[in-house]
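S.K.: Got a structure here, written out as structure tokens. Questions coming.
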Amino acid sequence: MELAILRKISFILAIFGLLLIYGFSPNQEQAKKSISEIRRDCSGPVAVQGTIGNISYSSNGNLIAQLSQNKSKILLFLKDNSIEEGSNVSVFGRASKFSNQCWIFPERVEPR
Amino acid sequence: MIDLAFCLLGVGLGIFLGLVPGMHINNFLPFFIFLSFTNTQLFFFVIAASMAYVFSSLFPAILLGVPNEDTALNILPGHRLVLEGNAYSAIVVSLVGGLFVILFSIPFLFFFLNALPTLYPTIQKIVPYILIIIIFFMFLSDKKQSILVLTLSSLLGFLTFDFNLLLPLLTGFFGLSTLLISLLNQSSVSPQIMRLNSRLSLSNLSVISFMSCFLSSIFGFIPAISSSIVGTIASYIRKFDSEEFLVLLSATNVTYMIYSFFALLLINKTRSGSAVFLSQIFEKESIFFVLGIILLSSALAFLICLYLAKPLVKLYKQVDYRKLSLLSVFFIIAVNFALAGFFGMLVLLASTSIGLLSNSLGVKRINCMAALIVPTIAVLL
């Protein structure tokens, strides 16, 4: 068993891996969705607009808020504690089920 | 391009976590979900960290005898090779096993892509009966006294089954008992050979990798069957020397991690902490993308671990074996206390006693795996 051959095999695997990554990268474009649409299909990248309400800390110590749009509401993790209740924002992130609820994990929150 | 950097970050974190004795990547996964990464970045980061962790966690198991839940069986052949002065070879052949099995797992994956959703219910039905045969075979192929070890291990397995105490259970059976036996027997370590001193041929490597893939394909998608159980089953199908068994175990660990991601994609079952985490963001069309990350991160982890092997064995050479073993014993106790608490310490004491008993009766230590196999049978039947 030659170490040089093993290194070559690992290089070939790495290149093949890179080809697969570039060939099959999933489309991560954040589709503009309404909150009720997100609640129906709670997955994938999303862009949503709404009003921030009920900012609080979860039992795990995370800053969370409700994001409401018309009468629909969804839970949102906040990383930026400068965001105030009542502000209108655009949220870009991913929707995901966590602890049996639908959440938005934001990548960025922009004032509208 | 930026997303690829998360693959490197993941590999770095995975290697670091694997090198810290007693650390498991599952302990860190819950924190990742709060990171402001995109889905793609999370895919890269979590899969790369998980794959790299599987490779680097071999080091503490082989050199120090401090395993995690997946590398417990690696201790016995690893320790034997370390005492013979072949620590470097033990690590390299284990890494090679992990790398080589990836080549075999790809065709298996393509087969399962089509067949698994149909085959899974049938496989699930026959697995408990295969495990029953294995338990009988464990008893019949050993001395009569092995019934004592099998019974005690099974009882301890049942007692701890609901409490997620695999770490103290397996560490006691295979890690702490091995270190104590070495200390009591005043075992000496031969001077370490710093080159690859292996009799392993390419054809042997291929056969073992194929076997690992095949068995993991049958058992790897079934909940409650760990990679250590698959290692035990394999050891009763074919005779392995220490090197071959190390290859088989690391190959099985790598296959298990790979299949855990695909079990999620194909049959929506989560088989590892990493897969549970990714189930929040997985999409079925990501299958080849995930395979790409697995290949890239495994190749990187292999190269980095290969590079680390020599300096780490050199460092190991410089430390007195007795002192290092004593330090490992204290470390194992401290880690188990920190992660499993007082009840975990009781389990560690019981499993170490059974490991020592198995040694003094002269029966195979692998009989202790009844602690996982028998309760698994009960759950699956």
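S.K.: Could you give the nm distance between label points at B:Tyr307 and B:Phe343, where each point is 7 Å from its Cα heading toward the beta carbon?
M.R.: With each label placed 7 Å out from Cα toward Cβ, I get 4.4 nm.
S.K.: Same structure again: For a Förster distance of 35 Å, can you work out the FRET efficiency between the beta-carbons of A:Gln69 and B:Asn114, rounded to the nearest 0.05?
M.R.: 0.25
S.K.: Now, a different point. Could you size up the charge dipole of chain B around its Cα centre, putting +1 on the beta carbon of Lys and Arg and -1 on that of Asp and Glu, and report it in debye to the nearest 20?
M.R.: Computed about the Cα centre, the dipole is about 720 debye.
S.K.: Counting only DSSP beta bridges with both residues in chain A, tell me the antiparallel percent, nearest 5. Show your work: numbers first, answer last.
M.R.: Working: 29 of 33 bridges.
Expressed as a percentage, antiparallel bridges in chain A total about 90.
S.K.: With only Lys, Arg, Asp and Glu charged, each at its Cβ (+1 for the first two, -1 for the last two), find how big the charge dipole of chain A is about the Cα centre; round to the nearest 20 debye.
M.R.: Around 240 debye, computed over chain A.
S.K.: Now for a separate question. Using only Cα atoms, tell me the angle between helix A:3-24 and the longest principal axis of chain A; keep it within 0 to 90° and round to the nearest 10.
M.R.: The angle comes out near 40 degrees.
S.K.: Which one of A:Gly86, A:Gly50, A:Gly61 has the biggest mean-square fluctuation once chain A is modelled by GNM with Cα springs under 10 Å?
M.R.: A:Gly61
S.K.: Out of B:Val11, B:Val347, B:Val319, any idea which swings most in a Gaussian network model of chain B, alpha carbons joined below 10 Å?
M.R.: Maximum among the listed residues: B:Val319.
S.K.: With n ≥ 4 as the cut-off for DSSP H runs, can you work out [θ] at 222 nm for chain B, using -39500 (n - 2.57) per run divided by the number of residues, rounded to the nearest 500?
M.R.: Rounded to the nearest 500, the figure is -24500 deg cm²/dmol.
S.K.: Helix by helix through chain B, keep the DSSP H runs that span 30 Å or more along the axis on Cα and average at least 0.5 on Kyte-Doolittle, and give those back in order.
M.R.: B:87-140, B:242-267, B:287-318, B:321-361
S.K.: Which lysines have a Cα less than 26 Å from the Cα of B:Lys143, not counting those fewer than 8 places away in the same chain?
M.R.: Filter leaves B:Lys239, B:Lys364.
S.K.: Reachable lysines from B:Lys125, Cα under 21 Å, same-chain residues fewer than 8 places away excluded?
M.R.: Partners within reach: B:Lys269.
S.K.: Region B:304-376 to region A:40-101: how many Å between their Cα centroids?
M.R.: A separation of 45 Å, based on Cα centres.
S.K.: Something else: In terms of Cα to Cα distance under 17 Å, which lysines are near enough to A:Lys71, apart from those fewer than 8 places away along the same chain?
M.R.: Filter leaves A:Lys33.
S.K.: Cysteines without a disulfide-compatible partner in the protein assembly as shown, using Cβ under 4.7 Å as the rule?
M.R.: Result for the protein assembly as shown is B:Cys7, B:Cys213, B:Cys305, B:Cys368, no neighbouring Cys Cβ within the cutoff.
S.K.: Among B:Ser50, B:Ser242, B:Ser212, determine the one that fluctuates most according to a GNM of chain B built with springs between C-alpha atoms less than 10 Å apart.
M.R.: It is B:Ser242.
S.K.: Restricting to the protein assembly as shown, compute how many DSSP beta bridges are antiparallel as a %, nearest 5.
M.R.: Working: 29 of 33 bridges.
Percentage antiparallel, nearest 5: 90.
S.K.: Let's see if you can work this out: charge +1 on each Lys and Arg Cβ, -1 on each Asp and Glu Cβ, no other charges. What is the dipole magnitude of the protein assembly as shown about its Cα centre, in debye to the nearest 20?
M.R.: 500
No value in this document is a laboratory result; all are computed from the given coordinates. These figures come from a predicted structure and were not determined experimentally. A quick note on method: Cβ atoms are made from the backbone with ideal geometry, for glycine too, and the neighbour counts reach across all protein chains shown.
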